[in-house]
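Below is one structure, written out as structure tokens; comments come after it.
The values are calculated or read from the model by the stated rules, or taken from the named source; none is laboratory data. Since this is a predicted model, take the numbers as computed values, not measurements. Reconstructed Cβ throughout: ideal geometry from the backbone, glycine too, with neighbour counts over all protein chains shown.
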Amino acid sequence: MFYLLDIIGTMAFALSGALTAMNKKLDPFGVFIIAFVTAVGGGTLRDIMIGRTPVGWMRDLNYVYFIIAGYFIAIIFRKKLDRLRTSLFLFDTIGLGVFTLIGLEKGLDTNLHPIICIALGTMTACFGGVTRDILCNEIPVIFRREIYATICIIGGILFFILKRWNLDNDILYLITSCVMIAIRLMAVKFKWYLPALNQK
Amino acid sequence: MFYLLDIIGTMAFALSGALTAMNKKLDPFGVFIIAFVTAVGGGTLRDIMIGRTPVGWMRDLNYVYFIIAGYFIAIIFRKKLDRLRTSLFLFDTIGLGVFTLIGLEKGLDTNLHPIICIALGTMTACFGGVTRDILCNEIPVIFRREIYATICIIGGILFFILKRWNLDNDILYLITSCVMIAIRLMAVKFKWYLPALNQK
Amino acid sequence: MFYLLDIIGTMAFALSGALTAMNKKLDPFGVFIIAFVTAVGGGTLRDIMIGRTPVGWMRDLNYVYFIIAGYFIAIIFRKKLDRLRTSLFLFDTIGLGVFTLIGLEKGLDTNLHPIICIALGTMTACFGGVTRDILCNEIPVIFRREIYATICIIGGILFFILKRWNLDNDILYLITSCVMIAIRLMAVKFKWYLPALNQK
């Protein structure tokens, strides 16, 4: 179940990367790389930093296959994807929740401090999008507008609070990801955002 | 022989990085870093991802020396390099072929799946140029115009098809790299390129 | 003492990152990430390349705490920091010296060649700022104007020359970092800079 959500999240991230790249008028290879990097970038950085090499997607080809599938879906349906915007957003939000949990888990497996685990969870969920924006020569969108990473951090803190209560792992995952998804949906509906900080 | 070609490719990549950086009016240190990163960036990312650390160029100083040589050649002959454009392009194409093969080999050494090996080969050949373009604040050129990475992928597929026939390694390398070099030369001569994908 | 200087340098780098990000009108999370990356980026890249994982800041939470402190100082005093420009510059310069020494040390611990150690020292001191500029969508400032990295290289060479004389480690560190700090101060006072290289 968790693995299935992970795959759905990966595909959703690949789709979002492919769409961004097509808006930049990149060629098919460029679009593929951006899709790939958006999908696996966060997990790759996390694995490299904690020393889990070869990195995750090199050891489980399912990720590669589903990214390729996401890529072709993006290309074939590119003129109709506007109508699917809501479904895409939902998948992306699922990805956000699942990727954060995976990052938290890997941090715990490596015996890292909760603060570092939360950093790893946030990195897993956000860094793919950051790399996508850097490759497309933009200031990463999550630094500017959406409360995206903030949700990962809140999810991470909630995870460790609930963990103290010795909840069953499945329930722990379920609650944390549902809360994160709910906050994201509300954030977009009610247009919550962080104000820009500037010096003057 | 193979090692010699690797060194030539490294130097050619360093030269290409230095030229790009000089066009951006960077200072001598900036030019050096861009030259270095263009030359070793792809191999470094590959080594980090599969866990071969310290990364390659830290263990064989010849790469460092030849990059330094390439850097000084670029600076000294910078006003004449336009006339050497054809030789530079040839060296760069040799680099493309050799770097792809090295990436494939390292993937096989790490017992990774052929698809991942092809990804590693492409990464080794392309990522240096991608980093060069990111540091110079451009959308990477290989995402936009040239069929560069596509050649790496074709080379990688050919490599695994030929490998099934139990060819001698030297012949396998020779055929694969010659085919890649030939495709690149034809691609430039006949102006083959991938069309931009866009949403509308 | 050395550890204390390292912490001061980390905080100074975090401050400098936060200020750059606030000038780009990023949101509070974006500012935090840029502060974090500026502070630990160089050491992280170094650790990844030589295979010291999990990377440094994941194993010593003091870095994280002081970066968070630097972040809040930057936000709270953001309207007054212009007046503290001199102190900030001094801290940043201390960071430059200390980070270079740490990079050199880690290289020696890994039994790498002096040239590679100097590269690691330079990387540790400079790469945080490079990442900050890439994330803010600028060509890295150290490639364009300041003689920053050049000072790291000079410091590295001096370090290995002095090391041959079998000096006590503390004295070796003290001399090297003082020379680097002195060069930086003079470079800014007397406006030393490297000329742009360009092709025409």
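Only residues in segment A:160-178 that are part of a helix (DSSP H, G or I) count as the first member; pair them with residues that are aromatic (F, W, Y), Cβ under 9 angstrom, at least 6 apart or cross-chain, and list the lot.
Here the result reads A:D170/A:F2; A:L172/A:F159; A:L172/A:W165; A:Y173/A:F2; A:Y173/A:F159; A:I175/A:F159; A:T176/A:F159, each pair linking segment A:160-178 to a residue that is aromatic (F, W, Y).
Checking B:F2 against (1) aromatic (F, W, Y); (2) more than 11 Å from the chain's Cα centre (by Cα); (3) under 27 Å from C:Y148 (Cα atoms), which test does it fail?
Going through (1) aromatic (F, W, Y); (2) more than 11 Å from the chain's Cα centre (by Cα); (3) under 27 Å from C:Y148 (Cα atoms) one by one, B:F2 breaks only (3).
Here are some residues: A:M58, A:M123. Which one is closer than 24 Å to B:P140 by Cβ, touching a Leu at 6+ places or on another chain (Cβ under 8 Å), without any contact (Cβ under 8 Å) to a residue 12 or more places away in the chain and crowded, with 24+ Cβ neighbours inside 10 Å? So that I can check it myself, show each step before the final result.
Numbers: A:M123 fails: without any contact (Cβ under 8 Å) to a residue 12 or more places away in the chain.
On inspection, the qualifying residue turns out to be A:M58.
I'd like the full set of residues that are within 14 Å of the chain's Cα centre (by Cα) and within 13 Å of another protein chain (Cβ to nearest Cβ), limited to segment A:152-168.
Of everything in segment A:152-168, those that are within 14 Å of the chain's Cα centre (by Cα) and within 13 Å of another protein chain (Cβ to nearest Cβ) turn out to be A:C152, A:I153.
Are any residues in segment C:156-178 basic (K, R) and either out of contact with any helix residue (DSSP H, G or I) (no Cβ under 9 Å at 6 or more places or on another chain) or at pLDDT 90 or above (or both), and if so, which ones?
Within segment C:156-178, just C:R164 meets the criteria.
Filter segment B:51-60 for residues that are within 14 Å of chain A (Cβ to nearest Cβ) and not polar (S, T, N, Q); which is nearest to the chain's Cα centre (by Cα)? Write out each step before concluding.
Our first condition is that a residue be within 14 Å of chain A (Cβ to nearest Cβ); within segment B:51-60, this holds for B:51-55.
If we keep only those that are not polar (S, T, N, Q) too, we end up with B:51-52, B:54-55.
Working: B:G51: 20, B:R52: 19, B:P54: 20, B:V55: 17 Å.
Looking at residues that are within 14 Å of chain A (Cβ to nearest Cβ) and not polar (S, T, N, Q), I get B:V55.
Being free of Cβ contacts under 8 Å to residues at least 12 places away in the same chain and of a type in the set (D, E) is the filter; apply it to segment C:90-120 and report the residue that is surrounded by the fewest Cβ atoms within 10 Å (Cβ to Cβ).
C:D109
Within segment B:15-50, which residues are of a type outside the set (V, I, T), within 15 Å of the chain's Cα centre (by Cα) and at pLDDT 90 or above?
Result: B:A35, B:F36, B:A39, B:G41, B:G42, B:G43, B:L45, B:R46, B:D47.
Which one is farthest from the other protein chains (Cβ to nearest Cβ), of the residues in segment B:7-39 that are of a type in the set (F, W, Y) and closer than 15 Å to B:C126 by Cα?
My answer is B:F13.
Out of segment C:61-107, which residues are farther than 22 Å from C:V31 by Cα and within 11 Å of chain A (Cβ to nearest Cβ)?
Those that are farther than 22 Å from C:V31 by Cα and within 11 Å of chain A (Cβ to nearest Cβ): none in segment C:61-107.
Run down A:I142, A:I181 and say which single residue is surrounded by 15 or more Cβ atoms within 10 Å (Cβ to Cβ) and at pLDDT 85 or above.
A:I181
Go through segment A:74-100 and give me each residue that's part of a loop (DSSP other than H, G, I, E, B) and either within 15 Å of A:I151 (Cβ to Cβ) or touching a helix residue (DSSP H, G or I) at 6+ places or on another chain (Cβ under 8 Å) (or both).
Hits for segment A:74-100 are A:R78, A:L81.
So in segment C:126-139, with the set limited to residues that are more than 8 Å from chain B (Cβ to nearest Cβ) and of a type outside the set (A, V, I, L, M), which one is surrounded by the fewest Cβ atoms within 10 Å (Cβ to Cβ)?
Step one: of segment C:126-139, the residues more than 8 Å from chain B (Cβ to nearest Cβ) are C:126-129, C:131-133, C:135-136.
With of a type outside the set (A, V, I, L, M) added as a condition, the list becomes C:126-129, C:131-133, C:136.
On the way: C:C126: 26, C:F127: 25, C:G128: 28, C:G129: 26, C:T131: 21, C:R132: 26, C:D133: 22, C:C136: 19.
It comes out as C:C136.
Just to be sure, is A:I115 under 29 Å from B:V141 (Cβ atoms) and facing another protein chain (nearest Cβ under 10 Å)?
Judged against the criteria, A:I115 is not a match.
Listed here are the residues, each with its yes/no results for (1) buried (at least 22 other Cβ atoms within 10 Å of the Cβ); (2) under 16 Å from the mean Cα position of the chain (by Cα); (3) hydroxyl-bearing (S, T, Y); (4) within 14 Å of chain C (Cβ to nearest Cβ).
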| site | (1), (2), (3), (4) |
| --- | --- |
| A:T150 | no, yes, yes, yes |
| A:D170 | no, no, no, no |
| A:M186 | no, no, no, no |
| A:Y193 | no, no, yes, yes |
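Out of all the residues in segment A:101-115, which are closer than 11 Å to A:R46 by Cβ and part of a helix (DSSP H, G or I)?
A:I102, A:G103, A:L104, A:E105, A:K106, A:G107
Going through segment C:62-92 one residue at a time, which ones are among the polar types (S, T, N, Q) and at pLDDT 85 or above?
C:N62
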